[in-house]
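One structure is given below, encoded as structure tokens.
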Amino acid sequence: IFFRPCSVFVAMVDESKSINEGNWHSLVEEFNLLPSITDLLQSIVTNPDAKETDAHEKRIAEMADALCHQFIRCQNLIDALHGTDMSPAQQQEQYAGCAQKVRQRTEMIQKYAELKALRSHAMAATAEVSGQQTGSSQGT
């Protein structure tokens, strides 16, 4: 049986597919290799008649190619995951930096909300005072 090397299929893999929250289900399906492996093994174990040998070998080669293609897709999906190219220490460092940014931005939002509340309170107080002044000047 002749099997082509997996590198032939690299060009066939869609490397532009990114992983986001919307396609985790499809990611799980991509890594479900067991059905392909069992089908391939079942085909290898099956003994065809002498006249069907060529077709059987061709089918096995096609199944092996498809499995190899699926392995490459899985590897590309893993490579597309953010952070898989970093060591655990680097991931921890990046996480700490992101957590710090989140804390800073949360504090800024809280300060802005307080400032906005103070400003609207001051504007209301100013309007009240100016209303009282115009009312008292009209009364005299």
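The values are calculated or read from the model by the stated rules, or taken from the named source; none is laboratory data. Just so you know, these numbers come straight off a predicted model, no measurement behind them. As a convention, Cβ positions derive from the backbone with ideal geometry for all residues, glycine included, and neighbour counts pool all protein chains shown. In case anyone asks, the SASA skips ligands and DNA or RNA and just uses the protein heavy atoms, side chains included. Shrake-Rupley method; radii C 1.70, N 1.55, O 1.52, S 1.80 Å.
So, taking all protein chains as they sit and a 1.4 Å probe, how much accessible area belongs to residue 123, in Å² rounded to tens?
Residue 123 has an accessible surface of roughly 130 Å² with all protein chains in place.
Could you sort 28, 129 by their accessible area in this structure, using a 1.4 Å probe and putting the largest first?
In descending accessible area the options line up as 28, 129.
What list of ³J(HN,Hα) couplings, whole Hz, do you get for the stretch 36-49 from phi and the Karplus terms 6.51, -1.76, 1.60, once you set θ to phi - 60° and write x for glycine and proline?
Residue by residue, the stretch 36-49 yields 5, 5, 5, 4, 4, 5, 4, 5, 5, 6, 5, 9, x, 5 Hz.
Provide the per-residue ³J(HN,Hα) series for the stretch 51-66, in order, calculated from phi with Karplus coefficients 6.51, -1.76, 1.60 and θ = phi - 60°, each as a whole number of Hz, with x at glycine and proline positions.
6, 9, 4, 4, 5, 5, 5, 5, 5, 5, 5, 5, 5, 5, 4, 5
Figure the gain on full extension for residue 34 and residue 58 (residue separation times 0.36 nm, minus the Cα-Cα span) and round it to one decimal in nm. Could you put the intermediate results ahead of the total?
Numbers: separation 24, 0.36 × 24 = 8.64 nm, distance 2.09 nm.
Stretched fully, the residue 34-residue 58 segment lengthens by 6.5 nm.
When the accessible area of the stretch 75-118 is computed with all protein chains present and a 1.4 Å probe, what percentage of it is carbon and sulfur?
On the way: 2280 of 3860 Å².
Carbon with sulfur: 59 percent of the solvent-accessible area.
Multiply the residue gap between residue 100 and residue 117 by 0.36 nm, knock off their C-alpha separation, and tell me the result in nm, one decimal place.
Extending this stretch completely gives an extra 3.6 nm.
Using a 1.4 angstrom probe on the protein heavy atoms only, line up 109, 72 by accessible area, largest first.
Details: 109 115, 72 25 Å².
Descending accessible area places them as 109, 72.
Using the Karplus curve 6.51 cos²θ - 1.76 cosθ + 1.60 with θ = phi - 60°, work out ³J(HN,Hα) for each residue of the stretch 98-115 in order, rounded to whole Hz, and write x for Gly and Pro.
5, 4, 5, 4, 4, 4, 4, 5, 5, 4, 5, 5, 4, 5, 5, 5, 5, 4
To the nearest 0.05, how large is the calculated FRET efficiency for residue 49 and residue 71 if R₀ is 25 Å and r is the Cβ-Cβ distance?
Working: r = 31 Å, r/R0 = 1.26.
According to the calculation, E is roughly 0.20.
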